[in-house]
Structure formats: structure tokens, C-alpha cells
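Undergrad: This structure is in C-alpha cells; I'll ask about it shortly.
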Amino acid sequence: MKTLWVIRLLVVLTGFVAFATPRGYAQSEVDPDHFGSPNTEPIPQSKTKAGVAAEVGKVGFRGKVTLPYTVQCAGKRLPPGTYSLSLHSDGKTGRARLNQKDQTIEIAGIVRVPADSRERSALFVECIGNTHRLSAIHVAELDLVFDPNRRVDPASDGKPKRIERLPLT
């Protein structure tokens, strides 16, 4: 009987301690965004913005690309197959040379600073219906864009356009 009385007393005291103690609240500050810091130097910002044309400098690139279908480029048709690609740039304009067996085609384009230089090198093909047109070449140092002001109208058969990315090796 005495043990039952001791257990009841402990339960009552535990409940009293749990519910009768004053509650603690966190303090709120008037200026919560103010934090003292020993480093008050501004973070250095990039001088150029992504997407803005800037002087890239001389760039050279060699690689290979496989075209799974016929591609139109600079008024010529490139049949499917593996091509060697060499790219040269003076910083403002660039030239790409595609070679396959006896066929060589050279294309001029406008150099742009890539938005993300970590992306893998690729050749971009614009597909409208059954027509495939070379649109741009991306390498780590630059993007070489062909005819950037050209507006593409939807195909006469009403098919939407899409961009396909073909990897460069």
C-alpha cells in the first residue's frame, strides 16, 4: 500500500513539474538580418554577364561528329556519316570546317560567350519537319552561331520545329 502511495506521489509531482514550470520563449530581434561579421568586404562580381558578347580570344578546336541524317548547311547538303570538325576563331567571328572523305565545307559564324562552359561540346541541328539545318556549334570556350537573325517559320506541313544536340568527340 505504501508503494502505491509513493508511485501516486511521484506521478503527481512529475505532472506538476511538467505543467507548472514557466514556459520559455525565444527572443525576437528588431533587426534579424543584421549579423556581426569580421569579413565585411563585398563579394567580387563578374565583369561580363552570361549571354553578352565579349572578346573571347583566339580559339582552336578539333573533333568528330556523326550525322544520323542529311543536314543542310551554307546552301550545301551534308549526307549522313562521320565528319571531322575543325573550328577556328579570332574572338568575334569563327569558321568551322567539316570534312568527310572528299567533301569539305567551310562555314562562317558569329562567336558568342557560352552561358555554361561546363556543358559538353555539341553540334546543334534545327529540325523542322523533314528538314535538318545546322544551327550552332558549342565548345567550352565559345558558341559559334550560324545566321542568328534568321527567323524560322513553321514548316508548310504544320510540324513544329525542334533542336537536336549531336555530341562532338
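The values are calculated or read from the model by the stated rules, or taken from the named source; none is laboratory data. Since this is a predicted model, take the numbers as computed values, not measurements. Please note: Cβ atoms are built from the backbone with ideal geometry, for glycine as well, and neighbour counts cover all protein chains shown. Just so you know, the surface numbers come from the protein's heavy atoms only, side chains and all, with ligands and any DNA or RNA stripped out. Shrake-Rupley method; radii C 1.70, N 1.55, O 1.52, S 1.80 Å.
Undergrad: Suppose we keep only residues that are in contact with a strand residue (DSSP E or B) (Cβ under 7 Å, 6 or more places away or on another chain) and modelled with pLDDT under 85 within the stretch 62-77. Which one would you say is farthest from Ala140 (Cα to Cα)?
TA: Going through the stretch 62-77, the residues in contact with a strand residue (DSSP E or B) (Cβ under 7 Å, 6 or more places away or on another chain) turn out to be 62-67, 69-74, 76.
Then keep just the ones that are modelled with pLDDT under 85; that gives 73-74, 76.
Details: Cys73: 22, Ala74: 24, Lys76: 27 Å.
Selected residue: Lys76.
Undergrad: Could you tell me whether Pro154 is surrounded by fewer than 13 Cβ atoms within 10 Å (Cβ to Cβ), of a type outside the set (A, V, I, L, M) and modelled with pLDDT under 80? Steps first, answer last, please.
TA: Working: surrounded by fewer than 13 Cβ atoms within 10 Å (Cβ to Cβ): yes; of a type outside the set (A, V, I, L, M): yes; modelled with pLDDT under 80: yes.
Judged against the criteria, Pro154 is a match.
Undergrad: So, Arg165, is that one at pLDDT 80 or above, closer than 19 Å to Arg77 by Cα and not acidic (Asp, Glu) or not?
TA: Numbers: at pLDDT 80 or above: yes; closer than 19 Å to Arg77 by Cα: yes; not acidic (Asp, Glu): yes.
Here the answer is yes, as Arg165 does meet what is asked.
Undergrad: When Gly91 is evaluated against the numbered criteria (1) closer than 20 Å to Asp143 by Cβ; (2) modelled with pLDDT of 85 or more; (3) assigned to a loop (DSSP other than H, G, I, E, B); (4) not basic (Lys, Arg), which criterion, by number, is the only one it fails?
TA: Among (1) closer than 20 Å to Asp143 by Cβ; (2) modelled with pLDDT of 85 or more; (3) assigned to a loop (DSSP other than H, G, I, E, B); (4) not basic (Lys, Arg), the lone unmet condition for Gly91 is (2).
Undergrad: Kindly evaluate Arg97 against the criterion of being at pLDDT 85 or above, under 19 Å from Tyr69 (Cβ atoms) and open to solvent by 20 Å² or more (accessible area, probe 1.4 Å). Give the steps one after another, and end with the answer.
TA: Working: at pLDDT 85 or above: yes; under 19 Å from Tyr69 (Cβ atoms): no; open to solvent by 20 Å² or more (accessible area, probe 1.4 Å): yes.
Here the answer is no, as Arg97 does not meet what is asked.
Undergrad: Quick check, is Gln45 on the phi < 0 side of the Ramachandran plot and at pLDDT 85 or above?
TA: For Gln45, the condition - on the phi < 0 side of the Ramachandran plot and at pLDDT 85 or above - is not met.
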